[in-house]
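The values are calculated or read from the model by the stated rules, or taken from the named source; none is laboratory data. Just so you know, these numbers come straight off a predicted model, no measurement behind them. We place every Cβ from the backbone using ideal geometry, glycine too, and count neighbours over all the protein chains shown. Ligands, DNA and RNA are excluded from the accessible area calculation, which covers all protein heavy atoms including side chains. Shrake-Rupley method; radii C 1.70, N 1.55, O 1.52, S 1.80 Å.
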Amino acid sequence: MPQFHAARDIHDVYRIKNPTHAKAIEEPYLSNVKAVHENGGNSGSRGWNYQFDNEFTRRLILRSQGTVLSAHQLHKAKIPGKYFGIARCFRYDKVDATHLSDFYQTEGIVLGNDVNLRTLLGFLEMFAKEIAGATEVKYVPGYFPFTEPSIEVHIKHPKLGWFELGGSGIFRPEVTKAMGIDVPVLAWGIGIDRMALMALGLNDLRELFSEDIERVRLRKAKF
């Protein structure tokens, strides 16, 4: 996505006040990403035909999604490979029963010559049923700038009804080739807090952070 595209507003972030910018970004990856933005680089894309701003991209922010972990891992990933991480994310969101301004994601990538969309759907179903305890799961077409196709996984809560557990997709070549990867890469970010909501039988994410110690002990014992 171009650096100054209006659609970036869907990923509102918190900026760091001090220091405001990173000292440097590792090469040759900065130059590779810059080339993808400007003319497509070696990705097969035509790029966006604008001047990439190195200063803009050094701004420090709190991550809005765990995909940053995947980007950091890609250039050193082994093929085939499976990589998983847990990331605390921050997003300007209205706090309610299924949204918090900070949350945890399990971020994963699986890469190899033989992985495909069917493989990805299998992983998502496993997370939804075996970890979150969902009884019903459905896949919804989504939009994420860095994946194509993009898929949201939705699960059904007995009280809250259907809600999104996380997003996923197959990384676009503009992402992978800039990092030196030339095989399909499955990627997803699934909300750990929301999985806990299902597993613990809660109906409000805020209960996970309750100051009532007896309530916390009760939920811990149940888990």
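Residues of the stretch 106-131 that are without any contact (Cβ under 8 Å) to a residue 40 or more places away in the chain, open to solvent by less than 80 Å² (accessible area, probe 1.4 Å) and not small (Gly, Ala, Ser): Leu121, Glu125, Met126.
Could you tell me whether the stretch 107-116 includes any residue that is touching a His at 6+ places or on another chain (Cβ under 8 Å) and under 30 Å from Lys159 (Cα atoms)? Break it down into steps so the answer makes sense when it comes.
Going through the stretch 107-116, the residues touching a His at 6+ places or on another chain (Cβ under 8 Å) turn out to be none.
Checking the stretch 107-116: not a single residue is touching a His at 6+ places or on another chain (Cβ under 8 Å) and under 30 Å from Lys159 (Cα atoms).
Screening the candidates Arg63, Arg46 for the property of being part of a loop (DSSP other than H, G, I, E, B), among the basic types (Lys, Arg) and in contact (Cβ under 8 Å) with a residue 12 or more places away in the chain yields one hit, Arg63. Filtered by the rule that a residue be over 26 Å from Pro149 (Cβ atoms) and of a type in the set (Phe, Trp, Tyr), the stretch 172-218 gives a lone residue, Phe209.
Kindly provide the set of residues from the stretch 178-195 that are farther than 24 Å from Pro141 by Cα and either at pLDDT below 85 or out of contact with any Phe, Trp or Tyr (no Cβ under 9 Å at 6 or more places or on another chain) (or both), ordered by number.
In the first step, residues of the stretch 178-195 are kept if they are farther than 24 Å from Pro141 by Cα; the result is 178-182.
Within the stretch 178-195, just Asp182 meets the criteria.
Looking across the stretch 157-166, the residues that are touching a helix residue (DSSP H, G or I) at 6+ places or on another chain (Cβ under 9 Å) and part of a strand (DSSP E or B) come down to His157, Phe163, Glu164, Leu165, Gly166.
Summed over the stretch 72-86, the residues that are touching a residue at least 40 places away in the same chain (Cβ under 8 Å) and either open to solvent by less than 50 Å² (accessible area, probe 1.4 Å) or of a type in the set (A, V, I, L, M, F, W, C) (or both) give a count of 4.
For Arg118, state whether it is among the basic types (Lys, Arg) and in a loop (DSSP other than H, G, I, E, B). So Arg118 fails the test.
Check whether at least one residue in the stretch 132-148 is part of a loop (DSSP other than H, G, I, E, B), open to solvent by less than 20 Å² (accessible area, probe 1.4 Å) and within 21 Å of Asn42 (Cα to Cα), and report yes or no. Spell out the reasoning first.
First, the residues of the stretch 132-148 that are part of a loop (DSSP other than H, G, I, E, B): 132-136, 142-146.
Next, only the ones that are open to solvent by less than 20 Å² (accessible area, probe 1.4 Å) stay: 132, 134.
This time we only want the ones that are within 21 Å of Asn42 (Cα to Cα), so: none.
No, that holds for no residue.
Taking into account only those residues within the stretch 131-153 that are within 17 Å of Ala199 (Cβ to Cβ) and modelled with pLDDT of 90 or more, which is nearest to the chain's Cα centre (by Cα)? Give the derivation first.
Step one: filter the stretch 131-153 for residues within 17 Å of Ala199 (Cβ to Cβ), giving 131-137, 153.
Of the ones still in play, those that are also modelled with pLDDT of 90 or more are 136-137, 153.
Working: Glu136: 22, Val137: 19, Val153: 13 Å.
Among those that are within 17 Å of Ala199 (Cβ to Cβ) and modelled with pLDDT of 90 or more, it is Val153.
How many of the residues making up the stretch 176-188 are surrounded by fewer than 22 Cβ atoms within 10 Å (Cβ to Cβ) and outside any loop (DSSP other than H, G, I, E, B)? Please lay out each step first, then the result.
Of the stretch 176-188, the ones surrounded by fewer than 22 Cβ atoms within 10 Å (Cβ to Cβ) are 177, 179-184.
Subset that is outside any loop (DSSP other than H, G, I, E, B): 177, 179.
Residues that pass the stated criteria total 2.
Test Asp114 against the stated conditions and say whether it is acidic (Asp, Glu) and closer than 15 Å to Arg194 by Cα. Considered against the rule, which asks whether it is acidic (Asp, Glu) and closer than 15 Å to Arg194 by Cα, Asp114 comes out as no. How many residues are open to solvent by less than 20 Å² (accessible area, probe 1.4 Å) and in contact (Cβ under 8 Å) with a residue 60 or more places away in the chain if we restrict to the stretch 157-166? Qualifying residue count, the stretch 157-166: 2.
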